[in-house]
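Worksheet: one structure, shown below.
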């Protein structure tokens with residue numbers, strides 16, 4: 001799984017500065033961003049995990065019967081509907 005970038009909390013002034021920098025395309029602050037951490041994962045393990053992940057959903061869908069797929073879809077719709085009603 002890819003690492004998410006660390007989110008740091010900013011105060012109002014830092015948010016305003018970041019917005020201005022984004023809008024103008026200029027870097028106004030003198031604060032340096034921390035360097036990105038190098039990827040230390042084993043490339044062979046990453047490739048193997050990705051390979052399995054790419055075919056997992058399709059293989060599972062091929063094994064399911066039409067009736068079972070319908071049951072799963074119906075359950076998902078009910079969950080979405082209930083979540084929507086509670087908001």
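All of (1) surrounded by 10 or more Cβ atoms within 10 Å (Cβ to Cβ); (2) modelled with pLDDT under 90 hold for residue 69 with one exception: (2).
There is at least one residue in region 30-37 that is within 21 Å of the chain's Cα centre (by Cα) and either loosely packed, with under 10 Cβ neighbours inside 10 Å or part of a loop (DSSP other than H, G, I, E, B) (or both).
Is there a residue in region 77-87 that is exposed (fewer than 10 other Cβ atoms within 10 Å of the Cβ), modelled with pLDDT under 80, out of contact with any helix residue (DSSP H, G or I) (no Cβ under 6 Å at 6 or more places or on another chain) and in a helix (DSSP H, G or I)? Yes: region 77-87 contains one or more residues that are exposed (fewer than 10 other Cβ atoms within 10 Å of the Cβ), modelled with pLDDT under 80, out of contact with any helix residue (DSSP H, G or I) (no Cβ under 6 Å at 6 or more places or on another chain) and in a helix (DSSP H, G or I).
The values are calculated or read from the model by the stated rules, or taken from the named source; none is laboratory data. The shown structure was predicted, so the numbers you read here are calculated from the model rather than taken from an experiment. Glycine gets a Cβ as well: all are built from the backbone with ideal geometry, and neighbour counts include every protein chain shown.
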